[in-house]
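J.: Take this structure, written in structure tokens, and hold onto it; I'll ask about it next.
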Amino acid sequence: MRVLVLAVAVLALSACQKPADSADSTRTAKNDTGQAPSASPAASTNPLLPPERVLRSDAIGYDGFNGSDQAGTVTAKFGADSASVRQAWGGEMKDNRDQRPDAACHLLYPVRGAVTHQYAFLMAGDKLAGIDVYDAKAIAPGGGRVGMSIAEINQAYAGRTKQVANPTFEGSAFIEVAAPQAKNSQLTFETDALGTVTHWRISERGTLEASESCTR
């Protein structure tokens with residue numbers, strides 16, 4: 001009888017207790033794990049800017065520009081006019097033709113890169129003559145890229161490089177790489193005074209000097 005009375009008392013006490021609130025339980029679980037509540041994901045794009053153009057890492061080759069997602073395709077070959085380059089890029093572009101009415105070449109570049117563009121299409125007259133690449137994710141034919149040292153470029157293109165002093169910036173240099181014999185283009189890496197590649201260019205042979213930026 002004494003055991004029965006004790007059991008009834010325990011059940012009565014349990015019934016009088018208030019169940020834990022679900023929110024309190026959630027907070028307790030978070031406190032136990034030390035995890036703060038997750039923040040709302042930030043907007044990935046600025047609605048006032050056009051979307052970023054996603055390119056293949058090997059979009060620039062000895063024959064020109066590949067604006068598609070298919071390897072080995074050339075959608076704007078060297079010699080293509082500005083309309084063809086714009087179509088191949090697939091997004092809004094600007095040019096500085098008005099700033100250089102008497103110049104031999106002008107620049108065609110993406111709107112999003114108006115200040116620090118990662119790609120610059122060099123137009124001699126109205127023909128694509130070269131492409132400057134500042135994007136560290138882009139890979140030049142043979143494996144070179146922005147950020148490499150002169151030694152790394154020489155290793156990647158062993159026996160095919162020629163170093164030329166850059167008269168525009170003291171201590172900097174151009175590293176010229178001989179293109180395959182069947183190609184009428186030139187691959188050139190430009191370095192800063194510390195010997196680090198700042199950008200590279202593929203251009204038609206004999207069309208543009210390595211130091212010609214088409215911006216002045």
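J.: Cβ-Cβ distance below 7 Å, separation of 6 or more or different chains: which pairs start in the range 198-216 with a residue that is within 17 Å of Asp126 (Cβ to Cβ) and end on one that is at pLDDT 85 or above and part of a loop (DSSP other than H, G, I, E, B)?
T.: Partner pairs satisfying both residue conditions: Glu204/Phe78; Glu204/Asn184.
J.: Ok, one more. For Gly64, state whether it is in contact with a Leu (Cβ under 9 Å, 6 or more places away or on another chain) and at pLDDT 90 or above. Please lay out each step first, then the result.
T.: Working: in contact with a Leu (Cβ under 9 Å, 6 or more places away or on another chain): yes; at pLDDT 90 or above: yes.
In short, yes.
J.: Based on what the data block shows, is Ile175 in a strand (DSSP E or B) and either more than 23 Å from Trp89 (Cβ to Cβ) or open to solvent by 70 Å² or more (accessible area, probe 1.4 Å) (or both)?
T.: Working: in a strand (DSSP E or B): yes; either more than 23 Å from Trp89 (Cβ to Cβ) or open to solvent by 70 Å² or more (accessible area, probe 1.4 Å) (or both): yes.
Here the answer is yes, as Ile175 does meet what is asked.
J.: Sticking with this structure for a sec: Say we look at the range 77-115 and pick out the residues that are in a loop (DSSP other than H, G, I, E, B) and among the charged types (D, E, K, R); which of these is modelled with the lowest pLDDT?
T.: Arg100
J.: Oh, and also: Is it fair to say Ala193 is loosely packed, with under 12 Cβ neighbours inside 10 Å, out of contact with any Lys or Arg (no Cβ under 8 Å at 6 or more places or on another chain) and either under 30 Å from Pro101 (Cα atoms) or free of Cβ contacts under 8 Å to residues at least 12 places away in the same chain (or both)? Give the derivation first.
T.: On the way: loosely packed, with under 12 Cβ neighbours inside 10 Å: yes; out of contact with any Lys or Arg (no Cβ under 8 Å at 6 or more places or on another chain): yes; either under 30 Å from Pro101 (Cα atoms) or free of Cβ contacts under 8 Å to residues at least 12 places away in the same chain (or both): no.
So Ala193 does not fit the description; no.
J.: Now for a different question. Taking the criterion of being among the aliphatic types (A, V, I, L, M), open to solvent by 40 Å² or more (accessible area, probe 1.4 Å) and in a helix (DSSP H, G or I), would at least one residue in the range 153-170 satisfy it? Working first, answer last.
T.: First pass over the range 153-170, keeping only residues among the aliphatic types (A, V, I, L, M): 153, 156, 158, 164-165.
Filter again for open to solvent by 40 Å² or more (accessible area, probe 1.4 Å), leaving 156, 158, 164-165.
Still in the list and also in a helix (DSSP H, G or I): 156.
Yes, the range 153-170 contains a residue that is among the aliphatic types (A, V, I, L, M), open to solvent by 40 Å² or more (accessible area, probe 1.4 Å) and in a helix (DSSP H, G or I).
J.: Would you please name the residue that is most open to solvent (accessible area, probe 1.4 Å), looking only at residues in the range 128-143 that are touching a residue at least 24 places away in the same chain (Cβ under 8 Å) and more than 27 Å from Ala104 (Cβ to Cβ)?
T.: It comes out as Lys137.
J.: Same structure again: So, in the range 196-216, of the ones that are of a type in the set (Ser, Thr, Tyr), surrounded by 14 or more Cβ atoms within 10 Å (Cβ to Cβ) and in a loop (DSSP other than H, G, I, E, B), which residue ends up modelled with the lowest pLDDT?
T.: Thr215
J.: Condition first: under 7 Å from Ser172 (Cα atoms) and hydrophobic (A, V, I, L, M, F, W, C). Now tell me which residues in the range 185-199 satisfy that.
T.: Listed by number, the list holds a single entry, Ala193.
J.: If you go through the range 157-209 one residue at a time, how many are over 19 Å from Gly142 (Cα atoms) and of a type in the set (A, V, I, L, M, F, W, C)?
T.: Going through the range 157-209 one residue at a time, the tally reaches 7.
The values are calculated or read from the model by the stated rules, or taken from the named source; none is laboratory data. Model, not experiment: these values are computed from the prediction. Here the Cβ is made from the backbone with ideal geometry for all residues, glycine too, and neighbour counts use every protein chain on show. Keep in mind that these areas ignore ligands, DNA and RNA; they rest on the heavy atoms of the full protein, side chains included. Shrake-Rupley method; radii C 1.70, N 1.55, O 1.52, S 1.80 Å.
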